[in-house]
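FYI, it's all coordinate maths here, none of it is from the lab. Just so you know, these numbers come straight off a predicted model, no measurement behind them. Quick reminder, even Gly has a Cβ in these numbers, built from the backbone with ideal geometry, and neighbours come from all protein chains shown.
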Amino acid sequence: MTPEIIMSIGHKAIEVTILVAAPMLIIALVIGLIVSVFQAATQINEATLSFIPKLLGIFIVLIILGPWMLTILSNYLSQVLLDIAFYAN
């Protein structure tokens, strides 16, 4: 294996990771901001208040975008597995 192939595999792995994780991270960020504004407006300073809405938001994103995420991951895995013979040479 050449360093270029290893860097290519690593680069693609990072791209897939970011692509799959981004929807969940974005929804957690948005819900966290909304809950923080609510807490600031009502002066409720409870650290655990944002946990349940974030958990529900991530769960909903997983239900809606789960098949797409699995398709992205399985396409990447199948591409890596198919190219093993090429990488060995």
From the options I44, I63, residue that is part of a loop (DSSP other than H, G, I, E, B), loosely packed, with under 13 Cβ neighbours inside 10 Å and not aromatic (F, W, Y): I44
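The rows are residues; the columns are (1) part of a helix (DSSP H, G or I); (2) exposed (fewer than 12 other Cβ atoms within 10 Å of the Cβ); (3) out of contact with any His (no Cβ under 8 Å at 6 or more places or on another chain); (4) touching a residue at least 24 places away in the same chain (Cβ under 8 Å).
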| residue | (1), (2), (3), (4) |
| --- | --- |
| M7 | yes, yes, yes, no |
| T17 | yes, no, yes, no |
| T48 | yes, yes, yes, no |
| L55 | yes, no, yes, no |
| M69 | yes, no, yes, yes |
| Y76 | yes, no, yes, yes |
